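The values are calculated or read from the model by the stated rules, or taken from the named source; none is laboratory data. Owing to the predicted nature of the structure, the values given are computational and were not obtained by experimental measurement. FYI the Cβ positions are ideal-geometry reconstructions off the backbone, even for glycines, and counts take in every protein chain you see.
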Amino acid sequence: MTKTIKPYLTPSEAAELLMVSPITVRAWAQKGLLPSETTLGGHRRFLRENVEQFASQYKNPPKRENLRILVVDDDKHMAGFLLEWLTGLDESFLVSTATDGYEAGRQVYSFEPDVLLLDLMMPDLDGFAVCRQIKSDPDTRDIRVIGMTGHLNAENEQHILEAGAEICITKPLDTRSLLKLLKTGS
């Protein structure tokens, strides 16, 4: 049985072919570097020949200049502090905030963050559920998730790590450690 080659690729399939994350592929498309089309359902698709041409054109494809960070916290003071602190640093950070899990879900697709700073304890859709949803979607599973809580205990830490977060940090935040974590990964 011969395998048919699909003419159109999903962001995950294009990312696999280019050996990058789906977020990077979407960023290149958004910047107009990689041509894409949108389905009637609002999903981005890539013509296979465009992806192959892009791969041959760029032995070192363009990188995103700025680390995109989405702060998700129902405490508006904490979200505002992180927004102000991160954008005030001499770093290339683009920062957006969401004050609940539902808004976080919307912004994951519109803002396309590289990292989520995610509060665990939020009403309705908590950080655990948000993390599970992000990590279960092939288009978003590569987003780094850093859990944050003022109630750090072994159970909360275990649950957020099982949901897919790379680490859980305690509030009040140690800003030096957080900055290092953002710049180097876990």
- Query: What residue, of ASP139, ASP90, is without any contact (Cβ under 8 Å) to a residue 60 or more places away in the chain, in a loop (DSSP other than H, G, I, E, B), of a type in the set (D, E, K, R) and on the phi < 0 side of the Ramachandran plot?
  - Reply: ASP90
- Message: Would you confirm, using the coordinates I've provided, whether VAL130 is within 14 Å of ILE69 (Cβ to Cβ), surrounded by 15 or more Cβ atoms within 10 Å (Cβ to Cβ) and assigned by TED's automatic domain parsing to the domain that holds ASP75?
- Response: no
- Message: List pairs: first residue in the range 105-119 and at pLDDT below 95, second residue among the hydroxyl-bearing types (Ser, Thr, Tyr) anywhere in the structure, Cβ distance under 7 angstrom, at least six positions apart or on different chains.
- Response: GLN107/SER96; VAL108/THR140; PHE111/SER96
- Message: Could you check the range 44-78 and list, in sequence order, the residues that are exposed (fewer than 13 other Cβ atoms within 10 Å of the Cβ), more than 19 Å from PRO113 (Cβ to Cβ) and at pLDDT below 85?
- Response: SER56, GLN57, LYS59, ASN60
- Task: Filter the range 151-186 for residues that are surrounded by 13 or more Cβ atoms within 10 Å (Cβ to Cβ) and either part of a loop (DSSP other than H, G, I, E, B) or not hydrophobic (A, V, I, L, M, F, W, C) (or both) and give the result.
- Result: LEU152, ASN156, GLU157, HIS159, GLY164, ALA165, GLU166, THR170, LYS171, LEU173, THR175
- Task: Scan the range 108-126 for residues that are in contact with a Ser or Thr (Cβ under 8 Å, 6 or more places away or on another chain) and either hydrophobic (A, V, I, L, M, F, W, C) or surrounded by 17 or more Cβ atoms within 10 Å (Cβ to Cβ) (or both) and report the count.
- Result: 6
- Query: Among the residues of the range 18-35, which ones are part of a loop (DSSP other than H, G, I, E, B) and surrounded by fewer than 21 Cβ atoms within 10 Å (Cβ to Cβ)?
  - Reply: MET19, VAL20, SER21, LYS31, GLY32, LEU33, PRO35
